[in-house]
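Quick notes on the structure that follows.
The values are calculated or read from the model by the stated rules, or taken from the named source; none is laboratory data. Keep in mind that what you see is a predicted model, and the values were worked out from it rather than measured. Note that we place each Cβ from the backbone using ideal geometry, even for glycine, and neighbour counts take in every protein chain shown. Quick note on the areas: whole protein, heavy atoms, side chains included, nothing else; ligands and nucleic acids left out. Shrake-Rupley method; radii C 1.70, N 1.55, O 1.52, S 1.80 Å.
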Amino acid sequence: MPVLFVNKERVDIAAGVAGDTPLLWILRDSLKLTGTKYGCGVAQCGACTVYLEGAPVRSCQVPLSSLKQGAEITTIEGLKSKEGQAIQAAWVKLDVPQCGYCQSGQVMSAAALLAKNRRPTDADIDQAMAGNLCRCATYVRIRAAIHEAARALA
């Protein structure tokens, strides 16, 4: 029985879960962590972004069989880092979301960027966020919120 640590809590995955089951469905269906969204299903939109061992991944393309025993996964519900808190505060302050569907993936990618780079340029932000699509096109507000969070962390 695979064991994962999701948001720092031990999770025993049921023996009957097929190895090709995407992590996204384990999070949403088995663990009821519905903050992570299903977008395109082919790792192109970033709505399903979570951290696997601290790095952002598209959970729709991570089969259970590829996860090592005891793998650490962080979802939007467990994002407690300084960067994550600063990003979420900036998102609220600047009223970034419109429909909100892609926002958890956007926040996860933005927090990962600030964990590596506390003073990102517009180009850094565009590059880091290129894999996260927003059908409401709130890209200008997303970039502004990342700069706001970076200032808050300085």
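Residues in region 139-153: is at least one in a loop (DSSP other than H, G, I, E, B), out of contact with any Pro (no Cβ under 8 Å at 6 or more places or on another chain), of a type outside the set (Ser, Thr, Tyr) and without any contact (Cβ under 8 Å) to a residue 60 or more places away in the chain?
Among the residues of region 139-153, not one is in a loop (DSSP other than H, G, I, E, B), out of contact with any Pro (no Cβ under 8 Å at 6 or more places or on another chain), of a type outside the set (Ser, Thr, Tyr) and without any contact (Cβ under 8 Å) to a residue 60 or more places away in the chain, which makes the answer no.
Name the pairs: first residue in region 67-82 and over 20 Å from Gly46 (Cα atoms), second residue in a loop (DSSP other than H, G, I, E, B) and modelled with pLDDT under 95, Cβ to Cβ under 8 Å, at least 6 apart or on different chains?
Listed by first residue and then by second, the contacts come to Gln69/Pro2.
Would you say Ala144 is within 17 Å of the chain's Cα centre (by Cα), of a type outside the set (S, T, N, Q) and either over 22 Å from Ala43 (Cβ atoms) or open to solvent by less than 70 Å² (accessible area, probe 1.4 Å) (or both)?
No, not satisfied.
Output the qualifying pairs, or none if there are none: Cβ atoms under 6 angstrom, residues six or more apart or on different chains, first residue in region 114-131 and farther than 15 Å from Ala152 by Cα, second residue outside any helix (DSSP H, G or I).
Cβ pairs passing all conditions: Asp124/Asn117; Gly131/Gly46.
State which residue pairs qualify: first residue farther than 21 Å from Pro56 by Cα and inside region 85-108, second residue surrounded by fewer than 23 Cβ atoms within 10 Å (Cβ to Cβ) and of a type in the set (Gly, Ala, Ser) in any location, beta carbons under 7 Å apart, and separation of 6 or more residues or different chains.
Leu94/Ala144
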